[in-house]
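Below is one structure, written out as structure tokens; the observations come after it.
The values are calculated or read from the model by the stated rules, or taken from the named source; none is laboratory data. Small disclaimer: the values here were computed from a predicted structure and weren't measured. Cβ placement follows ideal geometry from the backbone for every residue including glycine, while neighbour counts extend to all protein chains displayed.
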Protein chains: 2
Amino acid sequence: VVVAAGSGTRFGGAKQFALLGGRPVVAWSVAACREAVDHVVVVLPPGMIEESFGADLAVTGGASRSESVRNGLAAVPPEATVVVVHDAARPLARPSLFRDVVGALASPDVAGAICAVPVADTLKRVAHSSVDGSSCVVETLDRRALVMVQTPQAFVADVLRRAHAGGGDATDDAALVEATGATVRVVPGDPRNLKLTGPDDLTYFEHLLGAV
Amino acid sequence: VVVAAGSGTRFGGAKQFALLGGRPVVAWSVAACREAVDHVVVVLPPGMIEESFGADLAVTGGASRSESVRNGLAAVPPEATVVVVHDAARPLARPSLFRDVVGALASPDVAGAICAVPVADTLKRVAHSSVDGSSCVVETLDRRALVMVQTPQAFVADVLRRAHAGGGDATDDAALVEATGATVRVVPGDPRNLKLTGPDDLTYFEHLLGAV
């Protein structure tokens, strides 16, 4: 399931359709998926599903990221035993990363597997003052046990379906699976598997694509 | 105090001396500082202080980042009432960011001010198994109250001197000041004020410098 249903308010337009090396960002993401999985469902904004960007099927997204994933999940063939979710905004994900997260599901106690990278910056918790609108530091986090999560994320299909069955919204699918008490394994992500955030990123991504 | 004493093991060489648009990275950082403060001390690796990269004074760093800051702090004129600490690896910091953190010290209850940006990625706490070396998710953090910290960071000079007096080591200076119980204000950072991490970043940074 490639999630490409965002409106891209921060980007100034739907970033997943911006051209990267002459090809829409989402098409890169679908192509990387395709090399590692059997069937690709792409989730697109309303009114855009005439074009599938290389996926087997295009469906319409919902009001939140999790709702969009649920729409994609509903279109996954029922016989699928593993479902991989990937954000279209990460067009630099290599097929090997998809294979790594799927491979981690081989352990019988593992219900999900995500890729993640160490946190390089200092993280702090802040509190906002409603009096003067200022923000102050509450604490500096110990970043050594923290990771920054990427996609793709792979799940035992039934576990992911159950995790999404109750509705709910989270910034990633693993959080919903974690909430069911299931075990989510973490495998090394790729520092180059960046999320497209602003228009400036496109030049850098093209540079990285040339270097890959 | 511009901290440029790292050995750059991850970068494959001291990244602060890599050329960015024909000029060493550290020289960009010193130049940005200089536009906003009266006196710049640069902290360099042992054996490199013949060249000051545009700073007023170059001193030798220590075994850790905090020790390097202490060496720089010892060289700051005693009459200074405000000290700004900046990592040389952030050559894209604009002078306005320095003025913002210094300006935040105007409130009498504020002892330090840092710049920071919202966390865009999902963060999770992981636990490593000593049995099979695998990592699993312990929890997904609520990122809404979290920020990623940048430099420059500005401090009331006496408070910073006291915070460093006990030795200690932290990933940023604000953490040492927070540990004294003093208030550290957070002002909006700049998404473009990126930390140079790998050699690949240089091309992107040059692109951003052209666009600034």
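What number of residues in the stretch B:45-55 are over 23 Å from B:V101 (Cβ atoms) and in contact (Cβ under 8 Å) with a residue 24 or more places away in the chain?
1
Closer than 20 Å to A:H164 by Cα and in contact (Cβ under 8 Å) with a residue 24 or more places away in the chain: is that true of A:V59 in this structure?
Details: closer than 20 Å to A:H164 by Cα: yes; in contact (Cβ under 8 Å) with a residue 24 or more places away in the chain: no.
Considered against the rule, which asks whether it is closer than 20 Å to A:H164 by Cα and in contact (Cβ under 8 Å) with a residue 24 or more places away in the chain, A:V59 comes out as no.
Report, by residue number, each residue of the stretch A:1-37 that is in contact (Cβ under 8 Å) with a residue 24 or more places away in the chain, more than 18 Å from A:L194 (Cα to Cα) and either more than 18 Å from the chain's Cα centre (by Cα) or not in a loop (DSSP other than H, G, I, E, B) (or both).
Once the filter is applied, which keeps residues that are in contact (Cβ under 8 Å) with a residue 24 or more places away in the chain, more than 18 Å from A:L194 (Cα to Cα) and either more than 18 Å from the chain's Cα centre (by Cα) or not in a loop (DSSP other than H, G, I, E, B) (or both), the stretch A:1-37 yields only A:G12.
Residue check: is B:V147 assigned to a helix (DSSP H, G or I) and either in contact (Cβ under 8 Å) with a residue 12 or more places away in the chain or within 11 Å of another protein chain (Cβ to nearest Cβ) (or both)? Please lay out each step first, then the result.
Details: assigned to a helix (DSSP H, G or I): no; either in contact (Cβ under 8 Å) with a residue 12 or more places away in the chain or within 11 Å of another protein chain (Cβ to nearest Cβ) (or both): yes.
No.
Keeping to the stretch B:5-49, report how many residues are surrounded by 15 or more Cβ atoms within 10 Å (Cβ to Cβ) and among the small types (G, A, S).
Of the residues in the stretch B:5-49, 10 are surrounded by 15 or more Cβ atoms within 10 Å (Cβ to Cβ) and among the small types (G, A, S).
State yes or no: is A:A157 of a type in the set (G, A, S), at the interface with chain B (Cβ under 7 Å from one of its Cβ atoms) and either in contact with a Ser or Thr (Cβ under 6 Å, 6 or more places away or on another chain) or free of Cβ contacts under 8 Å to residues at least 24 places away in the same chain (or both)? If you could, list the steps in order and put the result at the bottom.
Values: of a type in the set (G, A, S): yes; at the interface with chain B (Cβ under 7 Å from one of its Cβ atoms): no; either in contact with a Ser or Thr (Cβ under 6 Å, 6 or more places away or on another chain) or free of Cβ contacts under 8 Å to residues at least 24 places away in the same chain (or both): yes.
Taking the combined requirement at face value, the residue does not satisfy it.
Could you figure out which of (1) free of Cβ contacts under 8 Å to residues at least 24 places away in the same chain; (2) among the charged types (D, E, K, R); (3) touching a strand residue (DSSP E or B) at 6+ places or on another chain (Cβ under 8 Å) isn't true of A:D87?
Result: A:D87 passes all but (1).
Specify which of the listed residues (A:V126, A:V187, A:V110) is at pLDDT 95 or above and under 17 Å from the mean Cα position of the chain (by Cα). So that I can check it myself, show each step before the final result.
Numbers: A:V126 fails: under 17 Å from the mean Cα position of the chain (by Cα); A:V110 fails: under 17 Å from the mean Cα position of the chain (by Cα).
A:V187 is the lone residue from the list that is at pLDDT 95 or above and under 17 Å from the mean Cα position of the chain (by Cα).
For B:G168, indicate whether it is more than 8 Å from every other protein chain (Cβ to nearest Cβ), surrounded by 13 or more Cβ atoms within 10 Å (Cβ to Cβ) and on the phi > 0 side of the Ramachandran plot.
Judged against the criteria, B:G168 is a match.
Out of A:A113, A:A63, A:A145, A:A106, which single residue is of a type in the set (A, V, I, L, M, F, W, C) and more than 21 Å from A:A170 (Cβ to Cβ)? Step through it out loud before you land on a result.
Numbers: A:A113 fails: more than 21 Å from A:A170 (Cβ to Cβ); A:A63 fails: more than 21 Å from A:A170 (Cβ to Cβ); A:A145 fails: more than 21 Å from A:A170 (Cβ to Cβ).
Matching residue, one of A:A113, A:A63, A:A145, A:A106: A:A106.
Only one of (1) assigned to a loop (DSSP other than H, G, I, E, B); (2) in contact with a strand residue (DSSP E or B) (Cβ under 8 Å, 6 or more places away or on another chain); (3) within 19 Å of A:D201 (Cα to Cα); (4) modelled with pLDDT under 95 is not met by A:P46, so which one is it?
(3)
From B:A74, B:A120, B:A93, grab the single residue that is more than 23 Å from A:D132 (Cβ to Cβ), facing another protein chain (nearest Cβ under 10 Å) and among the small types (G, A, S).
Values: B:A74 fails: facing another protein chain (nearest Cβ under 10 Å); B:A93 fails: facing another protein chain (nearest Cβ under 10 Å).
The conditions single out B:A120.
I'd like to know if the stretch A:116-134 contains one or more residues that are farther than 28 Å from A:A32 by Cα, surrounded by fewer than 19 Cβ atoms within 10 Å (Cβ to Cβ) and basic (K, R).
yes
Looking at the stretch B:136-147, which of the residues that are modelled with pLDDT of 95 or more and under 23 Å from A:V177 (Cα atoms) is surrounded by the fewest Cβ atoms within 10 Å (Cβ to Cβ)? Talk me through it step by step, then tell me what you get.
Let us first name the residues in the stretch B:136-147 that are modelled with pLDDT of 95 or more, namely B:136-141, B:146-147.
Filter once more, keeping what is under 23 Å from A:V177 (Cα atoms): B:136-141, B:146.
Working: B:C136: 18, B:V137: 24, B:V138: 14, B:E139: 12, B:T140: 20, B:L141: 18, B:L146: 19.
Taking the candidates together, the pick is B:E139.
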